[in-house]
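Input: a single structure, listed below in structure tokens.
The values are calculated or read from the model by the stated rules, or taken from the named source; none is laboratory data. It should be emphasised that the depicted structure is a prediction, and the values quoted were computed from it without experimental measurement. Cβ placement follows ideal geometry from the backbone for every residue including glycine, while neighbour counts extend to all protein chains displayed. Side chains are part of the model used for accessible areas, which takes the heavy atoms of the whole protein and leaves out ligands, DNA and RNA. Shrake-Rupley method; radii C 1.70, N 1.55, O 1.52, S 1.80 Å.
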Amino acid sequence: MRKGFTLIELMVSIAIIGILAALMYINITGIKTKNRDAQRLMRVNEIAKALNIYNTSARSYPVSAENITVTGSDSMSLALQTAGAISQVPVDPMNSGSYVFKYQSADGADFTLSFCLETDTIHGYSQGCGNTIKP
């Protein structure tokens with residue numbers, strides 16, 4: 001009698017290891033997307049707080065009739081930084097494609113911050129790009 005594993009035993013072991021690796025990959029990917037969504041909400045709330053600080057001293061929000069992409073060097077970001085409301089305006093964790101923050105304030109009386117989420121795990125917000133924060 002020879003000692004060792006049969007070919008079938010080795011193939012079953014490799015298949016089990018492959019399934020476990022795939023499950024781990026799926027879980028890690030899900031955790032990363034949830035983390036990015038949490039960062040998005042935290043960052044967009046940080047911008048909203050800076051806008052309210054700006055409004056307290058300037059008596060209006062930075063005016064932008066068009067939807068502008070928040071890049072950190074756009075007109076809204078520069079206005080907040082110049083006024084000392086925030087040292088650096090945060091951007092979306094991915095900051096590409098549809099995953100960017102958008103700002104609009106037609107008359108300076110109020111504003112709309114728009115952003116996209118990759119999941120629907122944050123209470124009060126939905127997956128996709130229909131999410132907004134207003135004062």
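Brief remarks on what is shown
- Restricting attention to segment 117-135 and to residues that are within 12 Å of residue 41 (Cα to Cα) and more than 13 Å from the chain's Cα centre (by Cα), the residue that is surrounded by the most Cβ atoms within 10 Å (Cβ to Cβ) turns out to be 133.
- Those residues of segment 39-71 which are open to solvent by 60 Å² or more (accessible area, probe 1.4 Å), closer than 15 Å to residue 114 by Cβ and among the β-branched types (Val, Ile, Thr), in sequence order: 71
- Residue check, residue 86 of a type in the set (Val, Ile, Thr), part of a loop (DSSP other than H, G, I, E, B), surrounded by 13 or more Cβ atoms within 10 Å (Cβ to Cβ) and out of contact with any strand residue (DSSP E or B) (no Cβ under 8 Å at 6 or more places or on another chain): yes
- Within segment 2-23, restricting attention to residues that are at negative phi and not aliphatic (A, V, I, L, M), the residue that is modelled with the lowest pLDDT is 2.
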